[in-house]
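Taking it in order: structure first as structure tokens, then the write-up.
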Amino acid sequence: MAGVRVAGVGLTQFGRHPERTGRDLFAEAALAAREESGVPSDDIEELNFGNYMGVLAERQGHMAPLMAEAAGLDCPATRYEDACASAGMAVREAVRTVRSGESDVVLAGGLERMTNLDTADVTEGLATAADELFEIRQGMTFPGAYALMARAYFERYGGSREDLAHIAVKNHDNAFENEYAQFHRKITVEEALDAPMVADPLGLMDACPVTDGASALVLVSDEYAAEHGLDAPVSVTGTGQGGDNLALQDRRDMASTPAAEKAADEAFADADISPGDVDAAEVHDCFTIAEVLAIESLGLYERGEGIGAARRGETTADGDVPVNLSGGLKAKGHPVGATGGSQVVEMTRLLRGDHPNSDAVPDADVGVTHNAGGTVASAVVHVLEVDR
Ligand code: COA
């Protein structure tokens with residue numbers, strides 16, 4: 001089985017881009033990744049492209065060949081859609097393709113335009129990732145769904161809005177120096193607690209924003225990297241995917257995310273590591289409670305223990321295992337179909353030492369990314385390791 005290296009990464013600025021098109025954003029990220037990799041475009045054999053709501057936001061279906069064209073690629077292109085985990089799945093399939101020997105070079109990533117819709121239309125569009133029959137028709141929205149999960153967690157294990165506020169403060173702190181992040185504004189616990197309520201107990205500062213943005217990575221086999229003398233010190237050594245019932249009501253437990261547990265177990269076994277080996281994690285904190293569920297699913301914390309991790313300073317930049325040094329979805333932003341790719345991009349930069357926050361993890365060998373779809377009915381986890 002071929003090893004898989006990250007030869008180049010690219011991101012657009014995350015935020016509002018009213019003057020840009022989706023193809024323009026994806027082309028920017030893809031060209032940046034290709035240029036950094038030094039791989040000629042003719043050598044790229046496939047494009048794996050993540051997108052969730054292009055049909056709603058840009059009235060554009062069949063996006064993958066369009067994105068290949070925009071990025072100057074002449075290769076087969078396929079769109080992956082698993083709601084907010086779309087780009088994570090695109091990366092996973094690229095890893096599997098390179099490992100199988102089917103292709104030596106695959107470009108993977110994703111894109112989302114969101115801010116060209118107003119918040120109500122975005123909320124309605126995002127809700128289609130829930131169960132139409134049993135959730136959407138009853139008025140379920142994603143802030144509402146995660147509020148139910150937060151309440152279930154608080155009831156089972158305890159915890160408070162203040163614990164969640166510490167996660168928001170940490171992630172805004174981490175985004176401050178990240179040039180690609182949507183928010184460059186530090187907040188306080190008090191500010192988070194006083195912010196307008198979105199879906200009780202989750203307020204504005206517990207939510208990720210609405211974001212435009214794109215991510216891209218050039219993944220190559222070990223053999224290709226060696227033959228072409230590429231500078232590609234980071235490898236993807238583990239990948240895993242898990243699934244669960246789509247509707248929250250059909251889950252056995254709303255205070256945990258078994259799909260992510262399955263994905264983590266598979267990825268860790270694949271990389272032959274255990275949670276204790278993880279030096280840094282980028283996790284899917286679409287709402288602050290989601291970060292808690294994520295770090296517990298990854299096995300970094302026992303169930304019920306993750307809620308106090310940020311407050312205790314264990315997941316902050318100077319903590320034992322920093323979580324979301326990029327700023328996470330909360331403060332870096334969440335262009336849904338691009339997010340999973342951006343997590344792998346950010347972890348690559350962190351491990352290589354060229355991320356503004358790399359100083360927080362100077363000796364990190366192992367990083368993990370966790371990307372979730374909907375209320376974690378789908379999840380994908382990757383393990384990245386750097387040559388030292
Ligand atoms: N965190 C911090 N600040 C935010 C923010 C967030 N999540 N969302 C918006 N803001 C800020 C804006 O920057 C703006 O600040 P300004 O007045 O200084 O310019 C202000 O709040 C108002 O922004 P606006 O876009 O009008 O807010 P909104 O009320 O329309 O939307 C939310 C706020 C939380 C409802 C929206 O961001 C949202 O729906 N987020 C969740 C998205 C989601 O569910 N994604 C999928 C997850 S599964």
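The values are calculated or read from the model by the stated rules, or taken from the named source; none is laboratory data. Computed from a prediction, not measured in an experiment: that's the story for all the values here. Here the Cβ positions follow ideal geometry from the backbone for every residue, glycine too, while neighbour counts run over all protein chains shown. Side chains are part of the model used for accessible areas, which takes the heavy atoms of the whole protein and leaves out ligands, DNA and RNA. Shrake-Rupley method; radii C 1.70, N 1.55, O 1.52, S 1.80 Å.
Can you tell me the 0 to 90 degree angle between the C-alpha axis of helix 22-37 and the longest principal axis of the chain, rounded to 10?
Between helix and principal axis, roughly 60 degrees.
Express as a percent, rounded to the nearest 5, the fraction of DSSP beta bridges in the chain (both residues included) that run antiparallel.
Numbers: 38 of 52 bridges.
Antiparallel bridges make up about 75 percent of those DSSP assigns within the chain.
On a 0 to 90° scale, report how tilted helix 161-175 is relative to the longest principal axis of the chain, with both axes built from alpha carbons and the result rounded to the nearest 10.
Between the helix axis and the principal axis of the chain, the angle is about 30 degrees.
Which one, ALA267, ALA377, ALA152, has the greatest fluctuation when you compute a Gaussian network model over the chain with C-alpha springs under 10 angstrom?
ALA152
Counting each DSSP H run of 4 or more residues in the chain as -39500 (n - 2.57), what helix-only mean residue ellipticity at 222 nm follows after dividing by all residues, to the nearest 500 deg cm²/dmol? Please list the in-between numbers first.
Details: 13 runs with 141 residues, N = 388.
Taking each H run of at least 4 residues, the total per residue is -11000 deg cm²/dmol.
I'd like the orientation of helix 258-271 relative to the chain: the angle between its Cα long axis and the longest Cα principal axis, in ° from 0 to 90, rounded to 10.
Taking the Cα atoms of the chain, the angle to 258-271 is about 40 degrees.
Distance from the Cα centre of the range 1-15 to that of the range 30-63, in angstrom?
Going from one Cα centre to the other spans 12 Å.
Let me check I have the definition right: for the range 150-307, take the eigenvalues of the Cα gyration tensor, multiply each by 5, take square roots. What are those semi-axes in whole Å, largest first? Mind showing how you got there, number by number?
Details: eigenvalues 192, 100, 39 Å².
For the range 150-307, the ellipsoid semi-axes come out as 31, 22, 14 Å.
For a quick check of your reading of the filter: which chymotrypsin sites (Phe, Trp or Tyr not before Pro) in the range 162-197 sit in a DSSP loop and have no more than 16 other Cβ atoms within 10 Å?
Numbers: sites: PHE176, TYR180, PHE183; in loops: PHE176, TYR180, PHE183.
When the chymotrypsin sites (Phe, Trp or Tyr not before Pro) of the range 162-197 are filtered for loop state and at most 16 Cβ neighbours within 10 Å, PHE176 remain.
Tell me which of VAL122, VAL55, SER100 sits at the most positive position along the dipole axis of the range 28-163, charges placed on C-beta atoms (Lys, Arg +1; Asp, Glu -1).
It is VAL122, whose Cα lies furthest towards the positive end.
Could you list log10 I(q)/I(0) for the range 120-198 at q = 0.25, 0.26 Å⁻¹, which the Debye formula gives when each Cα is one point scatterer?
Debye output, listed in q order: -1.08, -1.10.
Report Rg(Cα)/(2.2 N^0.38 Å) for the range 274-356, keeping two decimals. Please list the in-between numbers first.
Details: Rg = 12.2 Å, N = 83, 2.2 N^0.38 = 11.8 Å.
After normalising by residue count via 2.2 N^0.38 Å, the value is 1.03.
With a point put 7 Å past each Cα toward its Cβ, work out how far ARG59 is from ASP200 in nm, to one decimal.
Going by the 7 Å Cα→Cβ label model, 4.1 nm.
Need the full-extension length gain, LEU31 to ASP359, defined as separation in residues times 0.36 nm minus the C-alpha distance. One decimal, nm.
Numbers: separation 328, 0.36 × 328 = 118.08 nm, distance 2.72 nm.
Going from the current span to full extension adds 115.4 nm.
Using a Gaussian network model of the chain whose springs link C-alpha atoms within less than 10 Å, name the residue from ALA317, ALA150, ALA120 with the highest mean-square fluctuation.
Highest fluctuation among the options: ALA120.
In this model, which of LYS186/LYS332; LYS186/LYS330; LYS170/LYS262 are farther than 18 Å apart at the alpha-carbon?
From LYS186/LYS332; LYS186/LYS330; LYS170/LYS262, over 18 Å: LYS170/LYS262.
For the chain, go through all pairs of different Cα atoms, get the mean of 1/r, take its inverse, and jot down that Kirkwood value in Å.
Details: mean 1/r = 0.0497 Å⁻¹.
Every distinct Cα pair counted, the radius reaches 20.1 Å.
When the Debye formula is applied to the Cα atoms of the range 1-76, each taken as the same point scatterer, what base-10 log of I(q)/I(0) results at q = 0.23, 0.24, 0.27 Å⁻¹?
Listed by q, the Debye log ratios stand at -1.17, -1.24, -1.42.
Measuring from centroid to centroid over Cα atoms, what is the spacing of the range 280-356 and the range 88-102 in Å?
If you average the Cα positions of each part, the centres end up 23 Å apart.
Under a 1.4 Å probe, what is the accessible area of the chain per residue, stated in Å²? Mind dumping the intermediate values first?
Details: 14230 Å² over 388 residues.
In whole numbers, the chain has 37 Å² accessible per residue.
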